[in-house]
Amino acid sequence: MGYIELNVLNNQSSLAMGIDLGTTNSLAAVWKDDRPVIVHPEGKSGSVPSVIHFPSDGKQPDVGRAGRDHAAASPERTLFSIKRLMGRPAADLTDELARIPFPTNEGSDGVLRIDVDGRPFTPQELSALILSRVHDHGCRALSGEKPERVVITVPAYFDDAQRQATRDAARLAGLDLLRIVNEPTAACLAYGLDQEKSGTVAVYDLGGGTFDVSLLSIADGVFKVLSTAGDTHLGGDDFDYALVDLIVEGLRGELSDEELADPGFLTGARLAAERCKHALSTDPQADLHMVLASRGVTFHRTITREEFEDLIRPFVERTLDNCRRALSDAGVEPGEIDDVILVGGSTRIPFVRKSVESFFGRIPHTELNPDEVVALGAAVQAHILVGGNRDMLLLDVIPLSLGLETVGGAVSKLVTRNSTIPCSVTEGFTTYAEDQTGIDFHIVQGEREMVSDCRSLAKFQLKGIPPMPAGMARVAVRFHVDADGLLTVSAREESTGASTRVEVEPMSGLSDEEVERMLLASVEHAEEDFAVRRAADLVTEIGTMRTATARSLEGARENLDLETLQDIEAALETAEAATISPGDAAALQSARDELERATLPLAALLMDDVAKAALSGKRLEDV
Amino acid sequence: MTTCPHCGAELETSLGCGACQVPLEVTPDLDPFAALGLAPSAALDVEDLKAKHLKISRWIHPDYFAASPELRALAETNTGHLNAALETLEEPMRRADHIVSSLAGPSDAEVKDMPQVFLMEVLEWNEALAEARAADPGSAQRETALGLKPDLESQRSERVAAITKLLDPLPDSGSEALTTARLELNAVRYLDRALGELESLRLADAEAR
């Protein structure tokens with residue numbers, strides 16, 4: 001089987017794009033003339049601001065530089081730092097949501113919706129807008145070629161839900177995602193290629209919204225990640241907000257609390273803070289300056305580098321704590337690190353550089369532009385994936401442990417953090433009650449001992465276990481983490497082969513159907529379509545349930561008491577009525593639930609028959 | 001030794017062929033030693049193990065098969081086995097646990113005890129830990145417990161050495177040595193938990209300061 005496919009691989013067009021989808025800026029690179037290069041149209045920078053501005057006339061949003069140009073004039077219609085919202089439930093995003101100048105709410109799927117003039121956008125859709133913009137921008141430099149295959153980078157510390165959200169964004173942008181690569185790993189690839197290094201390397205990646213540290217060993221072209229640690233809510237944005245707080249405090253006398261909390265005002269303050277921060281990387285002091293023309297208010301203060309360092313010191317300390325953990329996980333002493341690589345715009349800050357240098361006792365590498373190195377590395381990985389290079393290999397790890405809930409809400413870990421991926425682990429479980437026909441599984445991600453302290457990824461049930469005494473069933477649960485760091489779980493009862501396979505769709509995440517719907521649905525009717533579709537699905541489901549109930553009643557009618565029988569018949573009637581004039585999804589849902597409730601005794605009765613049959617040696621199919 | 005169905009070369013591992021550089025179909029319950037093409041041993045050289053892992057990764061890693069969905073899926077599965085095998089064998093205690101189970105020795109559910117000679121000390125340590133847990137950060141009880149660390153660590157390396165000795169060369173399947181090894185493994189697990197608890201007490205003390 002192998003040979004034919006290998007030939008196909010060799011003949012395929014070898015261009016694929018690497019995209020660094022950043023919190024503040026995004027960037028694309030491709031492999032060209034034996035090296036990765038940033039792609040940008042003639043005379044323009046390659047960097048595309050990860051900013052979306054929605055014109056008040058309802059026209060198409062301005063994405064990238066155009067969006068950013070509008071931001072200063074109308075911050076109340078501009079979105080920044082969308083990456084911070086990816087794959088996270090609204091409950092975890094209180095700070096972020098306060099800064100969004102549009103109403104937000106959480107959908108029934110647990111995914112955040114940002115309401116722009118009545119049109120809801122998920123973070124996935126917004127990221128897709130940015131991805132499309134970066135992709136187009138890059139393609140304009142490729143004289144007609146439009147590589148649809150891409151590699152997209154994410155923070156190494158992104159969990160399963162955040163990776164899924166990124167994958168969905170790529171699909172929504174119509175791109176063929178070859179691989180999700182961790183940002184620090186990509187950066188290391190770009191450096192390793194330039195200098196043909198070997199040894200142990202630490203990558204310190206402080207971006208706009210996230211921090212990662214990864215330790216790698218490089219030998220003979222194999223880049224093996226030893227450990228990774230990080231914080232998906234720590235970055236240069238936090239430095240900006242520390243300065244924004246100074247503005248807010250300074251204007252407290254002149255503006256009302258409401259005015260100070262206004263997202264438009266805050267965005268303006270943020271832009272002022274960012275200017276000041278950038279200036280402080282080169283100058284010993286800089287102006288923090290904001291004019292609020294509409295209120296005739298001005299804020300002005302000179303910030304020295306020392307003041308700024310005091311403000312950001314706690315954040316930098318947190319990054320060093322993560323470095324300590326990565327070292328301890330890898331079993332490596334700081335002195336054993338041969339090279340330190342700096343990545344991310346925030347590593348331009350002199351205080352950050354100084355702190356990293358003294359922590360590792362080494363002058364960090366800064367030869368490559370810290371804003372470009374991740375995209376360059378993504379292009380290297382894209383080149384490997386399209387078959388252009390078998391001399392290099394990247395072995396990455398999973399950043400957070402994966403496990404299952406066990407008795408008492410404890411976590412049984414199946415895959416421990418920093419395991420090399422892909423990774424398959426199988427573990428055996430059994431039933432704890434007599435004649436138990438199903439087992440519930442709850443998949444979690446995190447390092448803590450209790451389920452309640454970990455991130456809940458998904459729940460599923462393995463059904464169809466034949467009735468047998470407690471502890472007799474042999475259930476094998478297999479976790480497979482693929483090379484993108486995404487988890488698939490399957491469970492199998494080994495004596496009967498009852499099998500369930502779940503693509504882990506995070507508790508707050510888009511289902512495949514939802515992504516399809518977003519791809520297909522027109523902008524205006526998306527929500528309507530969804531309600532109609534849900535109603536249609538319920539009508540089908542109720543139909544199936546009614547048929548099944550009627551069939552089961554034939555054989556079991558005489559064994560049911562009158563009250564139960566009447567209850568079931570009433571529920572059947574309600575269900576039928578609801579499906580005759582459908583339209584209201586809520587009514588359909590309640591009719592469905594009612595039918596399910598009423599038929600529970602019937603189901604129990606049937607289950608009993610199955611159990612008796614099994615014990616008397618009859619085959620299940622004959623019951 | 002099995003041979004490659006494509007080229008007939010002898011296989012180092014059934015996960016893939018080094019000559020063709022492709023993954024091959026395998027049975028899912030492949031032994032970790034076999035996955036890495038190594039003879040089962042409790043005292044294997046970890047550097048050797050890592051070198052084998054890299055070598056086989058270069059034959060079968062999914063990155064090299066992105067263009068073909070079927071080969072890519074097979075490469076994903078096989079590399080998943082390979083990496084899980086590395087996880088099992090790299091760490092000496094996990095490796096010993098695997099050896100005891102694969103030679104039909106008792107599981108940790110069947111034998112829950114620790115070696116007799118060890119029990120008196122466990123009682124003392126438990127007492128010190130319980131007192132430290134109840135006491136304030138920086139207190140004398142905390143200091144006493146934290147002072148146990150070198151003791152626990154030297155006990156741990158002693159136990160680990162004992163286990164390797166018990167399992168190298170490999171004992172016969174079902175032999176008494178496996179039960180002894182299980183007792184020792186339980187002791188190491190106890191020590192790891194106690195050391196973990198000391199570490200969290202130390203961190204709490206550091207934070208309080």
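The values are calculated or read from the model by the stated rules, or taken from the named source; none is laboratory data. All values reported here derive from a predicted model rather than from experimental measurement. Glycine gets a Cβ as well: all are built from the backbone with ideal geometry, and neighbour counts include every protein chain shown.
Taken together, the residues in segment B:1-40 that are away from chain A (no Cβ under 12 Å) and either part of a loop (DSSP other than H, G, I, E, B) or in contact with a Phe, Trp or Tyr (Cβ under 8 Å, 6 or more places away or on another chain) (or both) amount to 15. Mind checking whether some residue in segment A:395-416 is touching a helix residue (DSSP H, G or I) at 6+ places or on another chain (Cβ under 6 Å) and in a loop (DSSP other than H, G, I, E, B)? Among the residues of segment A:395-416, at least one is touching a helix residue (DSSP H, G or I) at 6+ places or on another chain (Cβ under 6 Å) and in a loop (DSSP other than H, G, I, E, B), which makes the answer yes. Each residue in segment A:380-410 was checked for being more than 11 Å from every other protein chain (Cβ to nearest Cβ) and either under 21 Å from the mean Cα position of the chain (by Cα) or closer than 27 Å to A:Ala470 by Cβ (or both), and 12 of them qualify. For segment A:280-309, the set of residues classified as assigned to a helix (DSSP H, G or I) and surrounded by 15 or more Cβ atoms within 10 Å (Cβ to Cβ) consists of A:Leu280, A:Arg305, A:Glu307, A:Phe308, A:Glu309, listed by residue number. When the test is whether a residue is in contact (Cβ under 8 Å) with a residue 40 or more places away in the chain, away from chain B (no Cβ under 11 Å) and assigned to a loop (DSSP other than H, G, I, E, B), A:Glu447 passes it. Inclusion of B:Leu203 among residues that are more than 19 Å from the chain's Cα centre (by Cα), at pLDDT below 95, assigned to a helix (DSSP H, G or I) and buried (at least 18 other Cβ atoms within 10 Å of the Cβ) is not warranted. Of the residues making up segment A:286-304, those that are in contact (Cβ under 8 Å) with a residue 24 or more places away in the chain and under 12 Å from A:Leu246 (Cα atoms) are A:Leu288, A:Met290, A:Phe299, A:Arg301, A:Ile303.
Here is a yes/no grid of residues against (1) surrounded by fewer than 18 Cβ atoms within 10 Å (Cβ to Cβ); (2) within 24 Å of A:Ser495 (Cβ to Cβ):
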{"site": "A:Ser424", "(1), (2)": "no, yes"}
{"site": "A:Gln436", "(1), (2)": "yes, yes"}
{"site": "A:Phe441", "(1), (2)": "no, yes"}
{"site": "A:Gln445", "(1), (2)": "no, no"}
{"site": "A:Met468", "(1), (2)": "no, yes"}
{"site": "A:Ala473", "(1), (2)": "no, yes"}
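Being outside the structural domain of A:Ser456 (by TED's automatic domain parsing), in a helix (DSSP H, G or I) and either surrounded by 16 or more Cβ atoms within 10 Å (Cβ to Cβ) or modelled with pLDDT of 80 or more (or both) holds for only one residue in A:Glu573, A:Glu516, and it is A:Glu573. Residues being more than 14 Å from chain B (Cβ to nearest Cβ) and at pLDDT below 90 are represented in segment A:411-428 by at least one member.
From B:Leu36, B:Leu86, B:Leu44, which residue is more than 22 Å from A:Arg179 (Cα to Cα) and out of contact with any strand residue (DSSP E or B) (no Cβ under 8 Å at 6 or more places or on another chain)? Just one listed residue meets the conditions, B:Leu44. Counting the residues of segment A:38-73 that are among the polar types (S, T, N, Q) and without any contact (Cβ under 8 Å) to a residue 40 or more places away in the chain gives 3. For segment B:43-55, what are the residues that are more than 16 Å from the chain's Cα centre (by Cα) and within 11 Å of another protein chain (Cβ to nearest Cβ)? Scanning segment B:43-55 gives B:Ala51, B:Leu54, B:Lys55. The set of residues from segment A:450-478 being aliphatic (A, V, I, L, M), over 30 Å from A:Pro89 (Cα atoms) and within 14 Å of chain B (Cβ to nearest Cβ) comprises just one member, A:Ala476.
Inspect segment A:199-215 for any residue being closer than 20 Å to B:His61 by Cα and either crowded, with 24+ Cβ neighbours inside 10 Å or touching a Phe, Trp or Tyr at 6+ places or on another chain (Cβ under 7 Å) (or both) and give the result as yes or no. Looking through segment A:199-215, none of the residues is closer than 20 Å to B:His61 by Cα and either crowded, with 24+ Cβ neighbours inside 10 Å or touching a Phe, Trp or Tyr at 6+ places or on another chain (Cβ under 7 Å) (or both).
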